[in-house]
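What follows is a set of notes on a single structure, which appears directly below.
The values are calculated or read from the model by the stated rules, or taken from the named source; none is laboratory data. None of the values given here were measured: they were computed from a predicted structure. Positions of Cβ are generated from backbone atoms using ideal geometry, with glycine treated the same way; all protein chains shown enter the neighbour counts. Surface areas here come from the heavy atoms of the whole protein model, side chains and all, with no ligands, DNA or RNA. Shrake-Rupley method; radii C 1.70, N 1.55, O 1.52, S 1.80 Å.
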Amino acid sequence: GKYFDPSAAVDRAFEMAENGADILDIGGESSRPGSNPVTEAEELDRVLPIIEAVSEKIQCYISIDTYKANVAKQAVQSGASIVNDISAMRFDPSMAQVVKDADTYVVMMHMLGVPQTMQNNPRYNNVVEDLCDFFHERIDFAENAGISKNRIIIDPGIGFGKSIEHNLTLLRHVGRFNELGCPVLVGASNKSMIGKITGASIEERIWGTAAIVAHCVTQGVLIHRVHDVRAMKQVCEVSYAIKG
C-alpha cells in the first residue's frame, strides 16, 4: 500500500532498478498475515498499468506476484517473465497451464493454509523435512504439467504459516533446499521475526535484514527479495566476494 498510486509505483520501480535490482516483483494483493483477498478485476487494475509502464524501459526481469491464473496470463502478455505464486500453483488449477504456455519462470512458495489464518498456531513434524517433501511434490507436479525444471524457483516462505522458531530453523538450514535442484529465493526483508528478535520497528529492520541476506548468501541462496535494494545489493556483493 505504500506505493498504491500508479505513478508512485512506477517511480519506485525505476528507483529500484537504478539501485541495482535484477528483478522487480509487482503485486496487487497483500499476502501478509491476516490480509484479505481482492477481486481479480481489482488486482488487474492495480498491476497491469505498472508492468506496461516499466517492462520495456528497464533491464530487470518483471515478476508478477499472484496466485490467480488470469492475472498471471495478462501480466505475462504485458511484459512479466516470472510468476511468483505464494500457493505454489495450488490455489488456481489453471496456473500450471498458463506458466507452461508462456514458458515463463515460476516461483513456488510454501505457505501453511491461507494468509487470513496461516499464523494461527502453525505446526510441523520437522519444518525443514516437511518443506522438502512439499517441494518434491510441487516440483513433480510442475514437471508433469509440462513445466521445465530449469524454470522453477522455490521459496520456503519465511513468515507464511511459521512461528519464529520455524523461521529461524528454516534459515539455519536453508542450504538444504539447494539439494532439490532449483534456485532458492528467500524473502525475509523487514519481517516481524526481526522485530521480535530485536524490538526494532518495521522502519528500523534494515540491519536485521542485512544479517539474513548475508547468511543466505553463504548458504547458496540465489535470489533475495528485499525492500532496501541499494543497501542489500552491497551486502550481497561483499558476501559473495568473501564466499569466493
Expressed as a percent, the accessible surface of the chain that is carbon or sulfur, using a 1.4 Å probe and the full set of protein chains, is 50 percent
In debye, nearest 20, what is the charge dipole magnitude of the chain about its Cα centre with +1 on Lys and Arg Cβ and -1 on Asp and Glu Cβ, if you could check?
620 debye
Quick one: Cα centre-to-centre distance for region 17-45 and region 179-212, in angstrom?
18 Å
Could you give the radius of gyration (one decimal) and Dmax (whole number) of the Cα atoms in region 127-170, in Å?
12.2, 36
Descending accessible area (1.4 Å probe), largest on the left, turns I164, I242, I26, I64 into I242, I164, I26, I64
If Lys and Arg each add +1 and Asp and Glu each add -1, what is the summed charge of the other residues whose beta carbon sits under 12 Å from the beta carbon of H215?
+2
With contacts defined as alpha carbon pairs under 8 Å and 6 or more residues apart, what's the relative contact order of region 96-189 in percent?
38 percent
Would you tally the net charge around D5, using a Cβ to Cβ cut-off of less than 12 Å, leaving D5 out, and scoring K and R as +1, D and E as -1?
+2
What does the extension gain come out to for N19 and S148, with contour length at 0.36 nm per residue minus their alpha carbon separation?
43.3 nm
Would you count, across the chain, every pair of lysines whose alpha carbons are under 17 angstrom apart, provided the pair is eight or more residues apart or spans two chains?
7
Dipole in debye (nearest 20) - region 118-195, about Cα centre, beta carbon charges: Lys, Arg +1; Asp, Glu -1
280 debye
Would you work out which of T39, I58, G1 lies farthest towards the positive end of the dipole of region 1-61, given +1 charges on the beta-carbon of Lys and Arg and -1 on that of Asp and Glu, about the Cα centre?
G1
Cleavage-rule hits (trypsin sites (Lys or Arg not before Pro)) in region 74-123: DSSP loop, at most 12 neighbouring Cβ within 10 angstrom
R123
Just how far, in whole angstrom, is region 217-238 from region 48-103 if you go by their alpha carbon centroids?
23 Å
Given the Cα atoms of the chain, and with Rh set as the inverse mean 1/r over their pairs in the Kirkwood sense, what is Rg to Rh to two decimals?
0.93
